[in-house]
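The values are calculated or read from the model by the stated rules, or taken from the named source; none is laboratory data. Keep in mind the model is a prediction, meaning the values are calculated, not measured. All Cβ positions, glycine included, derive from the backbone under ideal geometry; neighbour counts span all protein chains shown. Calculation scope for accessible area: heavy atoms of the full protein, side chains included, ligands and nucleic acids excluded. Shrake-Rupley method; radii C 1.70, N 1.55, O 1.52, S 1.80 Å.
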Amino acid sequence: MSNDTRYNRPLNAEQKHLMKNMTASVKAEEIGAVSFEMTDMLVLTPFFDSHDIAFFMEDMFSELYVGSSTFYELRCKAEDEVCEKKKGKPYTLDEIYDRLVKISKISPSSREKLIKRECELWQYFCFARKCGSELYSEARAAGKKIIITADTPLPKNTVEGILRNCGFVGYDKLYITSECGLSKTGEGSLFEKIVSETGIPAGKILHLGCSFESDAEAAINKGFRSLFVTSCRDRLIKSGRLCGYIQKQRIYDFCTIKYLSLRCVIGLYAAYAFDYPHGKVPHSDFCNDEYMLGFIALGPLSLYKDYAPETGLKMKLLAAMSKSEKLMDGEKGFMMMQDEIFGSNLEKYGFEGCELPFDYYAAHGAVGDRMMLQKLLSPEDSEKWSNDVTEPEIAPVATKAVKKGGLSRLADRLFPPGSQVRTMVDGILHKSR
């Protein structure tokens with residue numbers, strides 16, 4: 001995709017200050033080279049989790065496979081097993097698919113088709129993180145040597161294609177962990193190889209990345225300078241209760257194709273709202289930012305052709321939100337970003353659950369977030385809303401499927417999900433775990 005920035009929200013004073021400090025670190029006179037981790041620091045994906053890309057391969061896989069498992073399930077299983085076998089060492093996409101062949105019994109020709117398709121999808125969906133792109137440009141303009149590390153199983157030609165499509169050109173060295181066979185941690189690490197091959201002393205190299213263990217701690221242990229920048233998704237999860245609420249609502253099937261569109265919506269929100277670092281705002285799940293609220297609460301509703309609020313309160317909230325220019329700009333930002341990245345590709349999967357962010361705001365909005373609408377609601381409606389708001393039930397955020405226990409499987413048979421009786425049972429099961 002192109003790197004269209006029309007939908008970026010304005011930076012606040014804190015973000016501008018942080019970017020000024022990070023830029024100064026990148027351009028510092030004593031720094032001879034700047035090393036950027038590709039994943040999350042330079043390049044983003046529009047998914048809640050990187051494994052979500054497997055959902056876009058289900059149709060192809062169904063034509064190549066005769067079993068009952070989904071491609072997502074088998075692809076995750078294959079990578080988990082390879083990861084466990086390698087014991088922390090890098091592994092390649094070929095190794096993942098070799099394992100996939102063994103557990104799925106697909107043919108070698110099918111394996112090649114799937115690998116080719118996955119690599120194509122990575123190049124299609126990846127886009128630049130604006131914060132990383134800005135720092136990259138500053139480093140190049142300052143005449144620093146540019147090093148890119150890519151902690152990924154993807155092959156070199158795919159990584160190079162992703163970087164090129166995202167506008168990252170002119171770098172001096174590219175190190176891919178799976179190609180080098182070296183991780184960033186431990187003895188004989190990738191960081192040691194960088195120093196050996198470039199001839200630049202470790203103390204004159206600044207490394208930027210989003211993993212505290214491998215990009216901050218490991219780099220510093222090897223004598224590098226380090227700038228740790230939290231990933232967009234991690235910042236989203238830590239910023240409030242929205243992800244925990246959604247996880248609780250869809251605890252057992254959130255990691256299924258049924259909720260692919262919702263997972264993509266959350267991925268877009270992470271990239272839009274948490275690209276540039278900033279601190280957590282107390283008493284707010286949307287950083288007290290009208291653009292962010294408009295993006296995630298209003299934007300996903302635009303995916304529905306016939307969305308109609310089921311309560312009077314929601315109708316009044318939507319009417320009030322439509323009067324805020326910033327909220328509406330946030331909604332437009334979502335519509336533009338969704339259209340540019342996904343176009344009509346999500347329509348075939350439906351939009352199940354995409355109303356949940358708005359439902360969360362209506363039922364559980366924090367005091368700081370409700371105040372954004374205070375002037376747009378009547379005093380009576382504002383007071384009633386405040387009185388009706390409750391604390392949300394949240395669950396720990398998991399990126400992979402949560403397995404059902406024996407009690408939950410029994411409940412599925414005895415009490416159909418969604419029924420009033422089942423709702424009561426879920427409460428009992430949750431408390432008994």
Next on the checklist: Ranking request for peptides 325-335, 310-320, 80-90: highest mean number of other beta-carbon atoms within 10 Å first, then the rest in descending order.
Outcome noted: 325-335, 310-320, 80-90
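A 28 angstrom limit on the alpha carbon distance is what I want to check against. Which of LYS27/LYS130; LYS258/LYS305; LYS16/LYS193; LYS144/LYS184 exceed it?
Numbers: LYS27/LYS130 18 Å; LYS258/LYS305 18 Å; LYS16/LYS193 35 Å; LYS144/LYS184 22 Å.
Cα-Cα > 28 Å for LYS16/LYS193; rest within.
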Checklist entry - Excluding same-chain residues fewer than 8 positions from LYS384, which lysines have a Cα within less than 28 Å of its Cα? => result LYS248, LYS280, LYS314, LYS316, LYS323, LYS326, LYS375
Item to check | C-alpha center-to-center spacing [segment 88-111, segment 317-349] in angstrom | outcome: 39
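Quick one: net charge around VAL195, please, counting Lys, Arg +1 and Asp, Glu -1 for every other residue with C-beta under 11 Å from its C-beta. Before the final figure, lay out each step's value.
Details: positive: LYS193, LYS204, LYS222; negative: GLU192, GLU197.
With Lys, Arg at +1 and Asp, Glu at -1, the net is +1.
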Checklist entry - When DSSP assigns beta bridges and you keep just the ones with both residues in the chain, what percent turn out antiparallel, to the nearest 5? => result 10
Checklist entry - For the chain, what is the largest minus smallest coordinate of the Cα atoms on each principal axis, given in angstrom and ordered from greatest to least? => result 69, 55, 40
Item to check | Degrees between helix 71-86 axis and first principal axis of the chain (Cα, 0 to 90, nearest 10) | outcome: 40
Item to check | For segment 73-173, the spread of Cα positions along each principal axis, largest first, Å | outcome: 52, 28, 20
Item to check | Carbon/sulfur fraction of accessible area - segment 1-87, other protein chains in place, 1.4 Å, % | outcome: 50
Checklist outcome for this item: Between the Cα axis of helix 108-125 and the main Cα principal axis of the chain, the angle (0 to 90°, nearest 10) is 80
Checklist entry - Taking the Cα centre of segment 30-108 as the origin, how large is its charge dipole in debye, to the nearest 20, when only Lys and Arg (+1) and Asp and Glu (-1) carry charge on their Cβ atoms? => result 440
Checklist entry - Given springs between every Cα pair under 10 Å in a Gaussian network model of the chain, which of LYS323, LYS348, LYS77 has the largest fluctuation? => result LYS348
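In whole percent, how big is the carbon plus sulfur part of the accessible area of segment 190-244, probe 1.4 Å, protein atoms only?
Details: 1140 of 2280 Å².
The nonpolar share, carbon plus sulfur, comes to 50 percent.
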Checklist entry - Using alpha carbon centroids, what distance separates segment 198-267 and segment 48-87, in Å? => result 22
Item to check | Gyration tensor verdict on segment 60-109 (Cα atoms; rounded if a/c is under 1.5, prolate if a/b is larger than b/c, oblate otherwise) | outcome: prolate
Checklist entry - About its Cα centre, what dipole magnitude does the chain give when the only charges are +1 on Lys and Arg Cβ and -1 on Asp and Glu Cβ, stated in debye to the nearest 20? => result 600
Item to check | Solvent-accessible heavy-atom area per residue, rounded to whole Å², over the chain at 1.4 Å | outcome: 47
Checklist entry - For the chain, modelled as a GNM with alpha-carbon contacts under 10 angstrom, which of VAL367, VAL265, VAL34 fluctuates the most? => result VAL367
Item to check | 0 to 90° range, to nearest 10: angle between helix 325-341 axis and the chain longest Cα axis | outcome: 50
Checklist entry - Ranked from highest to lowest mean number of other Cβ atoms within 10 Å per residue, what is the order of the peptides 14-27, 295-308, 206-219? => result 206-219, 295-308, 14-27
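Explain nothing, just the number: relative contact order of the chain, from Cα pairs under 8 Å at least 6 residues apart, as a whole percent. Intermediate results must be reported in sequence, preceding the final value.
Details: 605 pairs, mean separation 81.8, N = 433.
Relative contact order comes out at 19 percent.
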